[in-house]
Amino acid sequence: MRELPDPAPAPHGAVIRVEATGLCRSDWHGWQGHDPDIRVLPHVPGHELAGVVEAVGSEVRDWRPGARVTVPFVCACGSCTACATGEQQVCERQTQPGFTHWGSYAELVAIDHADVNLIAIPEEMAAVTAAGLGCRFATSFRAVAQVGRVRPGEWVAVHGCGGVGLSAVMIATAAGARVVAVDISTDALHLAEQAGATHFVDGSAGDAAAQVRELTRGGAHVSLDALGSPQTCAASVESLRRRGRHVQVGLLPGGPTPVPMDRVIALELSLLGSHGMAAHAYPPMLEMIRAGLLHPDQLITRTIGLADAGKALASLGSVPGVTMITPGFPI
Ligand SMILES: [Zn+2]
Ligand SMILES: [Zn+2]
């Protein structure tokens with residue numbers, strides 16, 4: 001940990017005083033050198049954040065210092081073709097704090113295009129809860145509700161029950177689906193049960209996809225690879241019944257990934273990608289949280305100070321559930 005100059009906002013941007021920031025597998029990938037955006041060291045990771053607006057640039061219309069806000073991890077430009085059609089999560093000129101520029105493992109973080117990307121945090125929501133929405137929870141919400149279009153009564157398989165997977169279990173359960181949780185960790189499966197899963201597959205006990213197909217009598221309607229590995233991607237596709245939908249949520253930074261395309265054609269499967277969620281798509285999710293249908297705070301298993309962030313990043317995965325970092329926490 002070291003002292004750095006305070007960031008200044010771009011004319012269209014804002015600087016946010018960080019109250020909470022999440023420890024995510026994507027940060028770990030960045031630290032491992034898997035992210036092509038991170039080339040110059042030193043670098044500040046962190047892309048799931050919540051805090052208070054400290055300063056805004058001269059062109060910002062909608063925000064003033066003092067507002068409590070969070071942001072999607074994909075920060076959009078607001079003016080490219082994707083943004084113009086409302087698809088800010090795949091913006092052509094996107095920035096991602098902690099990747100394309102310094103992120104939120106800090107007291108202050110600069111965010112571009114504040115009017116496009118800042119989201120007001122409901123008054124009653126704690127900063128640690130809001131921070132956790134920015135990447136994993138919102139990503140899972142879009143993957144389950146908008147991309148996978150999970151309907152009541154459907155079987156949903158979730159491969160990998162870390163932060164993304166547990167969020168997906170909770171959201172699919174709230175959508176009325178029957179959820180099969182797949183993981184190699186019994187602790188993770190226990191958390192999945194608390195999040196609403198009713199059926200469980202120990203991925204270390206042989207063919208996970210065959211176990212899902214047996215439990216669901218023919219396969220899941222929707223299956224998510226919430227981890228991101230060639231094994232979980234293939235297992236997710238192989239878990240599906242005829243006409244099923246696979247949603248890839250976990251990042252696959254290793255390059256092209258083999259997919260069992262013989263099954264895709266024979267069973268008419270759909271392969272779908274899901275990449276974050278635009279700021280303007282947050283209200284239905286925030287409303288479900290307010291109504292008590294979703295409890296993202298239940299996924300947070302520990303809160304640590306900034307001084308412990310490096311150690312926690314290096315041992316990511318050793319503690320089940322979601323770890324939050326609070327820069328203001330006593331060190
Ligand atoms: Zn993340
Ligand atoms: Zn754009």
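Bear in mind these aren't lab numbers, they're just calculated from the coordinates by the rules spelled out. What you see is a predicted model, and the numbers here were worked out from it, not measured in a lab. Cβ sites come from the backbone with ideal geometry, for glycine too, and all protein chains shown count toward neighbours.
Listing for the model above:
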| read-out | value |
| --- | --- |
| P(r) of the range 149-273 over all Cα-Cα pairs, binned every 5 Å from zero, in whole percent | 2, 13, 25, 27, 21, 9, 3, 0 |
| Equivalent ellipsoid semi-axes - Cα gyration tensor, the range 109-191, angstrom | 27, 16, 12 |
| Average projected area [Cα convex hull, the range 275-331], square nanometres | 5.5 |
| Distance (nanometres) between label positions extended 7 Å along Cα→Cβ at Gln298 and Asp202 | 2.5 |
| Calculated diffusion of the range 59-207, Stokes-Einstein form, Kirkwood radius summed over Cα pairs, 4 °C and 1.567 mPa s, µm²/s | 76 |
| Expected 222 nm ellipticity per residue - DSSP helices of 4 or more, -39500 (n - 2.57), all of the chain, to 500 | -6500 deg cm²/dmol |
| Alpha carbon centroid spacing (whole Å) that separates the range 293-322 from the range 1-54 | 17 |
| For the chain, fraction of C-alpha pairs farther apart than 29 Å, in % | 35 |
| Cβ-placed point charges (K, R +1; D, E -1), dipole of the chain about Cα centre in debye, nearest 20 | 720 |
